[in-house]
Structure formats: C-alpha cells, structure tokens
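Notes for the one structure printed next.
The values are calculated or read from the model by the stated rules, or taken from the named source; none is laboratory data. Please read these numbers as outputs of a predicted model, since none were measured by experiment. Heads up, the Cβs are rebuilt from the backbone with ideal geometry, glycines too, and the neighbour counts pull from every protein chain shown. These accessible areas exclude ligands, DNA and RNA; they are computed on the full protein's heavy atoms, side chains included. Shrake-Rupley method; radii C 1.70, N 1.55, O 1.52, S 1.80 Å.
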Amino acid sequence: MKIILFQPQIPQNAGNIVRTCAVTGSDLIMVHPLGFSTHDRWLKRAGLDYWEGVSVSFIEDLQSYLENQKVPFYFFSSKASTLYSEVSYTPDSILIFGSETHGLPALFQDKWPERFVTIPMRPEARCLNLATSAGIALYEAWRQQGFYQK
C-alpha cells in the first residue's frame, strides 16, 4: 500500500508516518510543497532509523498522479460521510491525507467524491492528528489484507 501526504507541514508527523510505513511495508509519497526540509532534524528524529527501510518519493502534482493510477485510492477527510471502515481496501490501495493546516483542496472532492472517507469523531471535534489518522487508516486497510507483509 501507499500513503500520500498532500503538502504536509509538520516534520514530526511525517517522521511518525515513516515509522508506520516501515512496520507495515508501505510506501510513502509526499506532495510538494512541503512545510519543512527533508533534511530537518525533527523529521529525521521522528522517523529514527526507519527512513532507510521505506520507499519515500516526492511528486509535484497529485491530480495528474492519480489520473494515471489503475489502483484504488481514497482520500481521508473530516468532510466525508462514508466511514473508512466501510471501504474494501486492496494490497495496492493508496491512502491520501491532506495538509495539517489546510486539508485537501476541494477540487479532489469535486472530481472524486465517491473516494472520500472519514474517520469518526465527536461532532464538535475538528480533526485528528495527521500521523494518528494515517495509522488508523493504514492498519484498517492492512487488517483487511490479513496483515499482509511484503
């Protein structure tokens, strides 16, 4: 599976997600611009020595990237109505998360509304932490695969 972070802002979140990718055998893609340098010491510290075991790549244009995909992909958003646990994930699913400060641009929901899912929260809550959300989603998708390992 792949995790995509759309314009992440906080290096510690990206580092924590790298660790989750490492232990699940998942790839990480980050969409520019990033709110930090990939040489940031907080990013490296949060990911510890897991960076070497994860395929990490960077892209400039998420829409073009997704238009060329033949595998299922899902956007995680507090604005969606379909629960993340109601989706049937595949071993090659792509899980997409928005920026900590701005979320995902509306153009993605306009283009692919059926691919938006949400993690339930109390109604007055704004959002979950990015790394927490990625962990919840990835582990549900991985659970559905019988905790498949590469």
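A few comments on the model shown:
- Of all residues making up region 11-36, the number that are touching a strand residue (DSSP E or B) at 6+ places or on another chain (Cβ under 7 Å) and open to solvent by less than 30 Å² (accessible area, probe 1.4 Å): 9
- Meets criteria (farther than 19 Å from I10 by Cα, more than 12 Å from the chain's Cα centre (by Cα) and open to solvent by 60 Å² or more (accessible area, probe 1.4 Å)) for S55: yes
- Complete set of residues in region 108-119 that are over 21 Å from K70 (Cβ atoms) and either touching a residue at least 60 places away in the same chain (Cβ under 8 Å) or exposed (fewer than 12 other Cβ atoms within 10 Å of the Cβ) (or both): D110
- Screening the candidates D92, D61 for the property of being touching a residue at least 60 places away in the same chain (Cβ under 8 Å), open to solvent by 60 Å² or more (accessible area, probe 1.4 Å) and out of contact with any Gly (no Cβ under 6 Å at 6 or more places or on another chain) yields one hit, D92.
- Any hit, region 127-134, residues being at pLDDT 95 or above, closer than 23 Å to V23 by Cβ, in a loop (DSSP other than H, G, I, E, B) and open to solvent by 60 Å² or more (accessible area, probe 1.4 Å): yes
- Residues that are touching a residue at least 12 places away in the same chain (Cβ under 8 Å) and either hydrophobic (A, V, I, L, M, F, W, C) or in contact with a strand residue (DSSP E or B) (Cβ under 7 Å, 6 or more places away or on another chain) (or both) within region 95-107 comprise L95, I96, F97, G98, S99, L104, L107, listed in sequence order.
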